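**Student:** Mind having a look at this structure? Questions to follow.
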Amino acid sequence: AQSVAQPEDQVNVAEGNPLTVKCTYSVSGNPYLFWYVQYPNRGLQFLLKYITGDNLVKGSYGFEAEFNKSQTSFHLKKPSALVSDSALYFCAVRDTGSARQLTFGSGTQLTVLP
Amino acid sequence: GAGVSQSPSNKVTEKGKDVELRCDPISGHTALYWYRQSLGQGLEFLIYFQGNSAPDKSGLPSDRFSAERTGGSVSTLTIQRTQQEDSAVYLCASSLAGTSGANNEQFFGPGTRLTVL
């Protein structure tokens, strides 16, 4: 079985400050990990993914995420937040050994305050 | 190029009626997924199609839900005898391959917001 946890329903950060959105996962095999962003009344947009290789993955809009196998985490980060980053963020995992579909976390609402 | 499209964007129906939701995946994408997003919830997997293989229906919540994919392209999700708890946003996604290859991020459509009165 595969699962994802996003422990924070809401994250608030001031514009210009660094932001972190947390994600932990559980799989029986090796994970493929993804971050998606959802703006109001829009579908999900792909941000970045970890498949293999470097633990630090860089993605769209200046976002990056660090894969930590020992902590089973894949936290999303950005050095300097923008008001336009305010959106709903979803972490997702697929166990490479089994399932084809993604399992999503419950989402974290990020609000960047001007 | 065109992304994943879904229609209708909004659907309001009465309890007990049947509804059909349509998804047009990105051309050339062999894998197609349906998810459901209820208010304040994450995404719930419903069904997965890969090429000509039998679909993975393990996420369908009841036998009132079914889906087809014709010609390996367009998909229709049908909900029979709708209930109020079916109200949600139904999202479709497609990807290049359903196998565990690297090029398998999913591209999502804008969703269909279903409201059952």
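Just so you know, all these numbers are worked out from the coordinates, no wet-lab data involved. None of these values were measured; they are calculated from a predicted model. Cβ placement follows ideal geometry from the backbone for every residue including glycine, while neighbour counts extend to all protein chains displayed.
**Student:** With the cut-off at 21 Å, tell me which of the pairs A:K22/B:K57; B:K15/B:K57; A:K49/A:K69; A:K58/A:K78; A:K49/B:K11; A:K22/A:K69 have Cα atoms farther apart than that.
**Tutor:** A:K22/B:K57; B:K15/B:K57; A:K49/B:K11
**Student:** Give me the Kirkwood hydrodynamic radius of chain B, using the inverse of the mean 1/r over all pairs of distinct Cα atoms, in Å to one decimal.
**Tutor:** Taking the inverse mean of 1/r over all distinct Cα pairs, chain B comes out at 14.2 Å.
**Student:** In terms of modelled amide H atoms, which long-range or inter-chain residues lie less than 5 Å from the amide H of A:C23?
**Tutor:** Sorted by chain and number, the residues that satisfy this are A:F74, A:H75, A:L76.
**Student:** Right, next: Run the numbers on chain B and let me know its relative contact order in percent, using alpha-carbon pairs under 8 Å that are six or more apart.
**Tutor:** It comes to 37 percent, rounded to a whole number.
**Student:** Hey, what did chain A get for relative contact order, percent, Cα under 8 Å, at least 6 apart?
**Tutor:** It comes to 38 percent, rounded to a whole number.
**Student:** Continuing with this model, one more query. Treat every Asp and Glu Cβ in chain A as -1 and every Lys and Arg Cβ as +1, leave all other atoms uncharged, and give the resulting dipole magnitude about the Cα centre to the nearest 20 debye.
**Tutor:** Around 260 debye, computed over chain A.
**Student:** How far is it, in nm, from the label point at B:E14 to the one at A:T72 when both lie 7 Å from their Cα along the line to the Cβ?
**Tutor:** The modelled label-to-label distance comes out at 4.9 nm.
**Student:** Also, I was wondering about something else. Can you give the FRET efficiency to the nearest 0.05 for B:S5 and A:L56, using r as the Cβ-Cβ distance and R₀ = 35 Å?
**Tutor:** According to the calculation, E is roughly 0.50.
**Student:** Here is a further query. Once the Cα gyration tensor of the protein assembly as shown is found, what semi-axes does its equivalent ellipsoid get, as square roots of 5 times the eigenvalues, in whole Å, sorted largest first?
**Tutor:** The equivalent ellipsoid of the protein assembly as shown has semi-axes of 29, 21, 16 Å.
**Student:** Please report the net charge: other residues with Cβ closer than 9 Å to the Cβ of B:A88, K and R +1, D and E -1.
**Tutor:** Taking every Cβ under 9 Å from that of B:A88, the sum is -1.
**Student:** What does the C-alpha gyration tensor say about the overall shape of chain A? Classify as rounded when a/c is under 1.5, otherwise prolate if a/b is larger than b/c, or oblate.
**Tutor:** Taking the square roots of the gyration eigenvalues as a ≥ b ≥ c, chain A is prolate.
**Student:** Another question about this same structure. Compute the distance in nm between two label points, each set 7 Å from the Cα along the Cα-to-Cβ direction, one at B:Q83 and one at B:S58.
**Tutor:** Between B:Q83 and B:S58, the label points sit 2.3 nm apart.
**Student:** If you place +1 on the Cβ of every Lys and Arg and -1 on the Cβ of every Asp and Glu, how big does the dipole about the Cα centre of chain B come out, in debye to the nearest 20?
**Tutor:** 180
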